[in-house]
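The values are calculated or read from the model by the stated rules, or taken from the named source; none is laboratory data. Just so you know, these numbers come straight off a predicted model, no measurement behind them. Counting neighbours? That spans all protein chains shown, and the Cβs are built from the backbone with ideal geometry, glycine included. We work out accessible area using only protein heavy atoms, side chains counted, and drop any ligands, DNA or RNA first. Shrake-Rupley method; radii C 1.70, N 1.55, O 1.52, S 1.80 Å.
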Amino acid sequence: MDLEKYPIDKLSADDLLNRLTEECSELIHAIAKRKRFGATSIHPRIGETGDQRVVAEMEDVQLIIKEVERRLREG
């Protein structure tokens with residue numbers, strides 16, 4: 001996720017939840033591809049293995065979750 005291009009701190013609460021939904025969907029997609037093609041198969045376009053893609057998508061989800069958590073704690 002390109003935070004410079006798509007900063008999450010400027011998003012409204014609804015937009016942030018929409019982004020979380022999108023990122024979770026991308027994680028699910030990466031997991032499905034890893035299961036289908038294998039952990040070490042390399043994606044021809046982006047050059048990452050199945051495991052690398054899953055980790056990258058997990059990191060994106062974690063970033064959004066942290067921002068949601070921060071805002072909920074602040075009230």
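List of remarks:
- Surrounding net charge for V55, when Lys and Arg each add one and Asp and Glu each subtract one, Cβ distance under 14 Å: -4
- Computed over the chain: relative contact order in percent, which uses C-alpha pairs under 8 Å that are six or more apart: 36 percent
- Tilt relative to the chain, helix 13-37 - C-alpha long axis, 0 to 90 degrees, to 10: 10 degrees
- Taking amide H positions as modeled 1.01 Å from N, with prolines and chain starts lacking one, the residues under 5 Å from S41 and 5 or more places away or on another chain are G50.
- Nitroxide proxy distance, nm - points 7 Å out along Cα→Cβ at R36 and K10: 3.5 nm
- The residues of segment 1-51 present an accessible area of 77 Å² per residue when probed at 1.4 Å with all protein chains retained.
- Based on alpha carbons, the Rg and Dmax found for the chain are 14.0, 44 Å.
- Anisotropy class assigned to segment 35-75 is prolate, per the alpha carbon gyration tensor with a/c at or over the 1.5 cut-off and a/b larger than b/c.
- Between 0 and 90°, nearest 10: helix 50-74 axis offset from the chain longest Cα axis: 10 degrees
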